[in-house]
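S.K.: Quick one: structure below, then a few questions.
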């Protein structure tokens, strides 16, 4: 079922938790709400669930206006960060809770409940744990029970509040993949909150980036990464290196460092680049003279991660290079080299700009 | 062998001060609790079994058991309901004067029970503030079981409030919310989700209140009046026997109160241990 959020806003006393927000979620879409803590993402999710009331605006599930509908009648499934399982009930009773809580007239027979619960437990691969209590399960298993419980009533929309936030890295990875498969299979409309960029980019069909109660950008993971709408999105979606200096005649100077910045007007400018958007060479050239020294080397994974420092830099740069490059340059701590940015991004202009200082024009 | 066992356990222990703290605790327990109990047993030993049996099955005493148990039962049930409500209000809602109400909850512990007894007796006597209002309705509180239960409830209410309150505070709001997102009505959520959570604490609190009421003396005697066979409570019987210099008889009655209380406390503890084990996945 599609979700239409229009002009939803919320204040707590004098602080504004949400600016008026519009968001359309298509049927069967998996949407990630991404933002730092305090960005209003959880508030928005709880308003959609009906656990909190908005001060203004409306929410529609399909054609149904649910703005004033109580949470218990909204037909949602909600998964909490800390599972919120009923500790005194077995796994089976937890999953069956929603079905047994139905009014007698519409409640399925106990046989039907039984088969439905077992089917759900099979889906989350916990059929052998039906009689266990939550405390006897691992965190990942508890979160799967919580998901089965939320899906038991076949909700119109599934809402997840930092569902993997309390789990360790490996389990989180596994559950993420598993949720992705489950979504491909069942196609529920889903909205989930996370502060983990990787999680949002991996799981979502579209990502809503939020900060300070505002939507910064709504886009597919691909677009979001390649065409960030503003500096906040760019910085939030990955590591960022900063280059600040005075530009004169399309050359940016900062201490003894300088680099060609074609098309940039004179004056104080701030440019940004990602760690993989710089190369390292033993010699400077006419377009880039950025002396740096290597202060940390982490040769783990597909790439080698480096930390670079220089007296013209406010905070150290991060750089990632290939292992072949690493061997060619004979990298070790303390080595002095020259950085050559392949791309530089500007966000202080009306539209974000990307420069390629080394491109032969 | 004991020394060996002790030295072995000392090797494994990481926390310091075990010997000293346990020693002090045991000394304290012996002096304050066990020594008076020993003298009680000493008094009892002057009686033969048949004398003991005769003393504790005196019809007047049997009637007092019934009065005490009934009063304490009513008081405990009243406290279970009212104490749960108070704890709920104190934890779940914010209102002006909440701290004051919270502090007032402990008043029955702080107030000398005799003072409470006199106050209640004055309020509920047929010409007291409240007694005067109840009189035309045909309800008399003073010198009836209602008065006894009322006094018992007054002195033991903090037990329920103070045992339920922390558990309720620990209950995450998410658990309620989860029940609501699953379509449960407020009543269903309370019965199936919240009450089972509070159950061990509520039973413990109610049990403690009951046990406390069994032995209550000061608060009850003024309002109960002490009519034999009707409003005489067991602890009053102990007092009466003491005034008659019948120490052995007083000890016999006291031993009944003591045994009942101990058995109840032990039962509550065992039951609670089993329940909590389940919540923590059988790992105790």
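S.K.: Please find, in a Gaussian network model of chain B (springs between Cα atoms separated by less than 10 Å), the residue of B:220, B:32, B:41 whose mean-square fluctuation is greatest.
M.R.: B:32
S.K.: Restricting to DSSP H runs of at least four residues, report the calculated mean residue ellipticity at 222 nm for the protein assembly as shown, -39500 (n - 2.57) per run over all residues, nearest 500 deg cm²/dmol.
M.R.: -14500 deg cm²/dmol
S.K.: Please pull out the direction-averaged projected area of the range A:207-335, using the convex hull of its alpha-carbon atoms, in nm² to one decimal place.
M.R.: That works out to 9.5 nm².
S.K.: I want the antiparallel fraction of DSSP beta bridges within chain A, as a percent rounded to 5.
M.R.: Here the antiparallel bridges make up roughly 75 percent for chain A.
S.K.: Let me check the size of the range B:58-279 from its C-alpha atoms; what are the radius of gyration and Dmax in Å?
M.R.: Gyration radius and largest Cα-Cα distance of the range B:58-279: 19.8, 67 Å.
S.K.: Using only Cα atoms, tell me the angle between helix A:91-100 and the longest principal axis of chain A; keep it within 0 to 90° and round to the nearest 10.
M.R.: Roughly 70 degrees between the two axes.
S.K.: Let me ask something else about it. How far is the Cα center of the range A:228-287 from the Cα center of the range B:82-143, in Å?
M.R.: 75 Å
S.K.: Would you mind pulling out the separation of the Cα centroids of the range A:104-153 and the range A:199-220, in Å?
M.R.: 31 Å
S.K.: Could you give P(r) for the range A:272-361, binned at 5 Å from zero, as whole percent values over all Cα-Cα pairs?
M.R.: Per 5 Å bin, starting at 0, the Cα pair percentages come out as 3, 14, 23, 25, 18, 11, 5, 2, 0.
S.K.: Using only Cα atoms, tell me the angle between helix A:139-151 and the longest principal axis of chain A; keep it within 0 to 90° and round to the nearest 10.
M.R.: 60 degrees
S.K.: Compute the distance in nm between two label points, each set 7 Å from the Cα along the Cα-to-Cβ direction, one at residue B:195 and one at residue A:196.
M.R.: Reported label-point gap for residue B:195 and residue A:196 is 4.0 nm.
S.K.: Across peptide A:92-104, what mean number of C-beta atoms from other chains lies inside 10 Å of a residue's C-beta?
M.R.: Other-chain Cβ atoms within 10 Å of each residue's Cβ, averaged: 3.
S.K.: What is the average number of partner chain Cβ atoms found within 10 Å of a Cβ in A:132-143?
M.R.: Mean shielding by partner chains, rounded to a whole number: 2.
S.K.: Using only alpha carbons, build the gyration tensor for the protein assembly as shown and give me the equivalent ellipsoid semi-axes, biggest first, whole Å.
M.R.: After diagonalising the Cα gyration tensor, the semi-axes are 70, 32, 25 Å.
S.K.: If you don't mind, another one. For the range A:224-289, rounded, prolate or oblate, judged on the Cα gyration tensor with a ≥ b ≥ c (square roots of eigenvalues), a/c < 1.5 rounded, else prolate if a/b > b/c?
M.R.: oblate
S.K.: Evaluate chain A: find the radius of gyration of its Cα atoms, find its Kirkwood radius, and give the ratio Rg to Rh.
M.R.: Result: Rg/Rh = 1.08.
S.K.: Post the alpha-carbon centroid distance, the range A:24-99 to the range A:290-330, in whole angstrom.
M.R.: A separation of 44 Å, based on Cα centres.
S.K.: Also: Ranking request for peptides B:164-170, B:258-264: highest mean number of other beta-carbon atoms within 10 Å first, then the rest in descending order.
M.R.: B:164-170, B:258-264
S.K.: Quick check: residue separation of residue B:41 and residue B:70 times 0.36 nm, minus the Cα distance between them. What number comes out in nm?
M.R.: 7.7 nm
S.K.: Now, a different point. Suppose we keep just the alpha-carbon trace of the range B:60-100; what are its Rg and Dmax in angstrom?
M.R.: In Å, with Rg to one decimal and Dmax whole: 16.3, 50.
S.K.: With the crude spin-label approximation of a point 7 Å out along Cα→Cβ, what separation in nm comes out for residue A:309 versus residue A:138?
M.R.: Between residue A:309 and residue A:138, the simple spin-label model gives 4.0 nm.
S.K.: Treat the range B:2-116 as a sphere of radius equal to its Kirkwood radius over Cα pairs and apply Stokes-Einstein at 4 °C in a medium of 1.567 mPa s; give the translational diffusion coefficient in µm²/s, rounded to a whole number.
M.R.: This corresponds to a translational diffusion coefficient of 63 µm²/s.
S.K.: At residue B:118 and residue A:226, where each label point lies 7 Å from the Cα along Cα→Cβ, what is the point-to-point distance in nanometres?
M.R.: The modelled label-to-label distance comes out at 8.9 nm.
Here, each number is a calculation from the coordinates, and none is a lab measurement. Keep in mind that this is a model prediction, so the values were computed, not measured. FYI the Cβ positions are ideal-geometry reconstructions off the backbone, even for glycines, and counts take in every protein chain you see.
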